[in-house]
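Each remark here refers to the structure printed beneath this line.
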Amino acid sequence: MDKQTKYFMEEAEIPTQWYNIQADLPEPLPAVLHPGTGQPIGPQDLAPLFPMELIKQEVSTERWIDIPEPVREVYRLWRPTIVHRAHRLEKALDTPAKIFYKYEGTSPPGSHKPNTAVAQAYYNKAEGINRISTETGAGQWGSSLCFGGACFGLEIKVYMVAISFHQKPYRRVMMETWGGKCIPSPSPDTKAGRAILEKDPDCPGSLGLAISEAVEEAVSREDTHYSLGSVLNHVLLHQTVIGLEAKKQMEMAGEYPDIIVGCIGGGSNFAGMYLPFIKDKIDGTKPDLRVINVEPASCPTVTKGLYAYDFGDEAGLTPLLKMYTLGHDFIPPPVHAGGLRYHGMAPIICHLHKLGLVEATAVHQLGTFEAGITFARTEGIISAPETNHAIRVTIDEALKCKESGEAKTILLAHSGHGHVDMAAYDAYLAGKLKDYAHPETAIEESLKHLPEVG
Ligand SMILES: Cc1ncc(COP(=O)(O)O)c(C=O)c1O
């Protein structure tokens with residue numbers, strides 16, 4: 001029996017180009033609309049927020065986009081990441097399924113996020129920008145951008161969703177260690193934050209609200225750009241290093257996945273994994289490939305949301321994106337997977353879902369921690385609460401194989417470790433966590449506030 005457990009690649013094999021799915025989509029993505037006019041936006045509309053290279057990537061239909069050498073040089077600090085065969089988990093589940101996972105937790109901040117943070121910091125610096133504002137949920141993105149800022153000498157200001165700021169104080173310390181500044185959102189620093197604080201001084205915050213604050217700061221200061229850690233096309237593009245490497249590593253293992261599983265908050269880590277594979281489904285080479293996007297039942301964007309134009313943020317400052325949405329003013333229940341508490345979803349993922357190329361499912365919090373504990377006790381890694389969502393469904397699919405006797409190959413996108421989330425594990429182990437019901441009435445209410453589009 002082949003007991004190889006880890007599939008390594010050489011540093012020289014770090015991809016030299018990102019893969020752009022826009023070249024291969026069966027139908028183009030719906031246009032992005034201006035929030036004021038409802039008309040398709042042009043590059044100049046985005047120029048106050050992003051460097052021109054990223055704006056070009058957002059709309060590019062070139063299949064391959066070169067990774068700048070200074071970005072690859074930083075990638076070398078932790079890439080290529082390893083693909084593991086989860087022999088011990090398979091044994092514990094007594095499943096004939098072959099489970100593989102690509103582990104992004106070995107990056108300095110502990111997740112997939114620096115794959116794009118480093119690139120975004122680089123492009124901003126290259127265009128003479130020295131300061132970036134951003135938002136963060138659980139703190140993974142904020143800490144990654146602060147790391148990226150440290151690599152290229154930029155000042156980073158992070159609005160962190162208040163509930164996570166208080167639940168996860170060590171993420172703030174990581175950001176400060178890399179030279180960034182982090183404050184809880186809603187904050188008194190912006191109009192959007194003050195408006196919410198007046199209504200509810202104890203507001204737990206949301207990613208949509210923190211985005212409003214960070215965007216407001218960027219548009220009101222000449223020296224500051226904005227950076228988003230997920231959702232947008234260029235972010236997913238940068239994350240394709242995960243899938244490009246994984247494809248080679250699966251080849252080394254002599255396998256091609258039947259099922260790929262990952263968690264989706266804004267969609268970046270999982271799309272980064274599966275876009276290079278979904279290309280094979282689009283061109284008919286792998287028609288049976290299943291891709292399962294996993295989201296929290298408390299924030300069921302794709303499984304319960306509407307496919308409609310909506311703002312990316314709470315206050316309605318961002319362009320309108322066609323996506324599954326729970327409504328931009330939906331504030332999700334305070335589950336520990338802070339990075340999955342977002343009302344919208346990457347337009348690329350929504351488009352692929354609409355075209356029937358990928359699936360989605362929603363899982364409850366307690367089951368995700370149970371799965372994370374099984375993973376920790378077999379594979380050793382203590383996973384981020386976000387990642388535990390993907391582990392839950394991986395285990396469920398492997399158990400289905402046990403019933404059917406099929407030896408399917410499952411590839412799990414493992415987005416990060418949970419070392420800074422031990423308070424969540426502590427609460428789970430002490431029996432203090434609970435499941436939240438589908439927040440149906442709150443979703444119905446916020447869906448009433450979708451913007452009207454011509
Ligand atoms: C470890 C981890 N996984 C997943 C996510 C979800 O983000 P995305 O869907 O963009 O990968 C986050 C977001 O913060 C995260 O920290």
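The values are calculated or read from the model by the stated rules, or taken from the named source; none is laboratory data. All values derive from a computational prediction rather than experimental measurement. So basically every Cβ, Gly included, is an ideal-geometry build from the backbone, and we count neighbours across all protein chains shown.
Residues that are under 16 Å from the mean Cα position of the chain (by Cα) and not in a helix (DSSP H, G or I) within region 362-386 comprise Ala362, Ser383, Ala384, listed in sequence order. Any residue at all in region 64-84 that's buried (at least 17 other Cβ atoms within 10 Å of the Cβ), among the hydrophobic types (A, V, I, L, M, F, W, C), touching a residue at least 24 places away in the same chain (Cβ under 8 Å) and within 26 Å of Leu355 (Cβ to Cβ)? Scanning region 64-84, I find at least one residue that is buried (at least 17 other Cβ atoms within 10 Å of the Cβ), among the hydrophobic types (A, V, I, L, M, F, W, C), touching a residue at least 24 places away in the same chain (Cβ under 8 Å) and within 26 Å of Leu355 (Cβ to Cβ), so the answer is yes.
Residue by residue, here is whether (1) touching a residue at least 60 places away in the same chain (Cβ under 8 Å); (2) away from the ligand (no atom under 16 Å from the Cβ); (3) among the acidic types (Asp, Glu); (4) closer than 24 Å to Pro51 by Cα holds:
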{"site": "His225", "(1), (2), (3), (4)": "yes, yes, no, yes"}
{"site": "Gly229", "(1), (2), (3), (4)": "yes, no, no, yes"}
{"site": "Asn233", "(1), (2), (3), (4)": "yes, no, no, yes"}
{"site": "Leu237", "(1), (2), (3), (4)": "yes, no, no, yes"}
{"site": "Val241", "(1), (2), (3), (4)": "yes, no, no, yes"}
{"site": "Val261", "(1), (2), (3), (4)": "yes, no, no, no"}
{"site": "Tyr274", "(1), (2), (3), (4)": "yes, no, no, no"}
{"site": "Pro287", "(1), (2), (3), (4)": "no, yes, no, no"}
{"site": "Glu295", "(1), (2), (3), (4)": "yes, no, yes, no"}
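Within region 134-150, residues that are over 22 Å from Pro48 (Cα atoms) have Cβ atoms under 7 Å from residues that are among the aliphatic types (A, V, I, L, M) and more than 13 Å from the ligand (Cβ to nearest atom) in these pairs: Ser143/Met175, counting only partners at least 6 apart in sequence or on another chain. Among the residues of region 397-430, those identified as away from the ligand (no atom under 14 Å from the Cβ), of a type in the set (D, E, K, R) and over 11 Å from Val261 (Cα atoms) are Lys400, Lys402, Glu403, Glu406, Lys408, Asp426. Of the residues making up region 112-150, those that are surrounded by 24 or more Cβ atoms within 10 Å (Cβ to Cβ), part of a strand (DSSP E or B) and more than 16 Å from the ligand (Cβ to nearest atom) number 2. Is one or more of the residues making up region 351-358 farther than 19 Å from Val32 by Cα and in contact with a helix residue (DSSP H, G or I) (Cβ under 8 Å, 6 or more places away or on another chain)? Yes, the conditions are met somewhere in region 351-358. When region 182-195 is limited to residues that are hydrophobic (A, V, I, L, M, F, W, C) and free of Cβ contacts under 8 Å to residues at least 60 places away in the same chain, the one that is surrounded by the most Cβ atoms within 10 Å (Cβ to Cβ) turns out to be Cys182. Here region 24-63 is the region considered, the condition is being touching an Asp or Glu at 6+ places or on another chain (Cβ under 8 Å) and of a type in the set (Asp, Glu), and the residue that is surrounded by the most Cβ atoms within 10 Å (Cβ to Cβ) is Glu53. Of the helices (runs of 4 or more DSSP H) contained entirely in region 155-238, those carrying at least 2 residues that are under 20 Å from the mean Cα position of the chain (by Cα) and farther than 26 Å from Asn124 by Cα fall at 162-167. Consider Ile391 carefully, then state whether it is farther than 26 Å from Lys434 by Cβ, buried (at least 24 other Cβ atoms within 10 Å of the Cβ) and in contact with a helix residue (DSSP H, G or I) (Cβ under 6 Å, 6 or more places away or on another chain). The answer is no for Ile391. Quick check: anything in region 438-449 basic (Lys, Arg) and touching an Asp or Glu at 6+ places or on another chain (Cβ under 8 Å)? No: region 438-449 contains no residue that is basic (Lys, Arg) and touching an Asp or Glu at 6+ places or on another chain (Cβ under 8 Å).
Residues in region 245-277 that are part of a helix (DSSP H, G or I), among the aliphatic types (A, V, I, L, M) and crowded, with 24+ Cβ neighbours inside 10 Å: 4 in all.
Every residue, every condition in (1) surrounded by 23 or more Cβ atoms within 10 Å (Cβ to Cβ); (2) within 23 Å of Pro347 (Cβ to Cβ); (3) out of contact with any helix residue (DSSP H, G or I) (no Cβ under 6 Å at 6 or more places or on another chain), yes or no:
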residue	(1), (2), (3)
Leu154	yes, no, no
His166	no, no, yes
Met175	yes, no, no
Gly180	yes, no, no
Leu207	yes, yes, yes
Glu213	yes, yes, no
Thr224	no, no, no
Gly229	yes, yes, no
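Within region 294-352, the set of residues being modelled with pLDDT of 95 or more, hydrophobic (A, V, I, L, M, F, W, C) and not in a loop (DSSP other than H, G, I, E, B) comprises Val294, Val302, Leu306, Ala308, Phe311, Leu320, Leu321, Met323, Ile348, Ile349, Cys350, Leu352.
What about Gly305, is it within 16 Å of the ligand (Cβ to nearest atom) and of a type in the set (Gly, Ala, Ser)? Yes. Quick check on my filter: what residues within region 326-346 are within 16 Å of the ligand (Cβ to nearest atom) and surrounded by fewer than 24 Cβ atoms within 10 Å (Cβ to Cβ)? Selection gives Pro334 alone. Here Pro43, Pro30, Pro35 are screened, and the one residue that is of a type outside the set (A, V, I, L, M, F, W, C) and at pLDDT 95 or above is Pro30. One residue stands out among those in region 154-173 that are basic (Lys, Arg) and touching a strand residue (DSSP E or B) at 6+ places or on another chain (Cβ under 7 Å): the one that is modelled with the lowest pLDDT, which is Arg172.
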